[in-house]
Amino acid sequence: MHLPAPATPSTNRAHSAFGVLSQCFAAALEAACGAPAAQFGQRIRTALNDAAVLAAHLPAEVLDGSETGYSRHVLAMDPAGRFAAAALVWRPGQHTAVHAHQTWCGYRVVKGVLSEDYFRWDKEAAQACLAETRQRGAGESSFVAAGFDGIHRLGNRSPHTAISFHVYGVHADDIATRVNRLVDTAAPLDMA
């Protein structure tokens, strides 16, 4: 879902704020060109620091989330297709499947608490095994590069709705198909 076209001073401020966010990500990409992966990840996480103030500009229909699963709403995109930023709304009990990434991804929790399960890849068994779980509260961020070194599952184990802002290294049209790569796990997993 894209934000509605500017019509009121409030939506004009929202579009302006998301335009600034887009400029921050573009600047981070340009500054990190040719830099080591860790430096690139840190620049994306720093750009996400400014995203928290944007939560106040999200329309009510975005903040409600969906009963059928977490919802993703595109907020900003690079005209050259280098990245797309989205707000994800997580109602209690909603989570992703276990996945690796086909592209880099950074996110910041802006409301509530998310649980992030990390997995290690067992090459012989061709499966992922749970390694650890971290709770990420509002203000915390993470970055993962493409590949099997960043296998994880993100979800909301709390009784309250959570919101996170994500930026992916793909064109906005490719968020649904070119970000996550589902991964088999060694044992059934429970989000409870």
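The values are calculated or read from the model by the stated rules, or taken from the named source; none is laboratory data. All values derive from a computational prediction rather than experimental measurement. Counting neighbours? That spans all protein chains shown, and the Cβs are built from the backbone with ideal geometry, glycine included.
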Of all residues being more than 16 Å from residue 112 (Cα to Cα) and over 15 Å from the mean Cα position of the chain (by Cα) in the range 44-65, which is modelled with the lowest pLDDT? Just the residue, please.
57
Say we look at the range 119-148 and pick out the residues that are surrounded by 17 or more Cβ atoms within 10 Å (Cβ to Cβ) and touching a His at 6+ places or on another chain (Cβ under 7 Å); which of these is farthest from residue 80 (Cα to Cα)?
119
The range 149-180 - residue that is among the hydrophobic types (A, V, I, L, M, F, W, C) and farther than 28 Å from residue 80 by Cβ and, of those, surrounded by the most Cβ atoms within 10 Å (Cβ to Cβ)
162
Within the range 131-138, identify whether any single residue is modelled with pLDDT under 85 and part of a loop (DSSP other than H, G, I, E, B), and answer yes or no.
no
Could you tell me whether the range 7-29 includes any residue that is modelled with pLDDT under 65, outside any helix (DSSP H, G or I) and surrounded by fewer than 17 Cβ atoms within 10 Å (Cβ to Cβ)?
yes
When you scan the range 98-108, do you find a residue that is in contact (Cβ under 8 Å) with a residue 60 or more places away in the chain, within 17 Å of residue 156 (Cα to Cα) and small (Gly, Ala, Ser), even just one?
no
Looking at (1) closer than 22 Å to residue 47 by Cβ; (2) touching a residue at least 60 places away in the same chain (Cβ under 8 Å); (3) among the small types (Gly, Ala, Ser); (4) touching a Leu at 6+ places or on another chain (Cβ under 6 Å), which one does residue 76 not meet, given that it meets all the others?
(2)
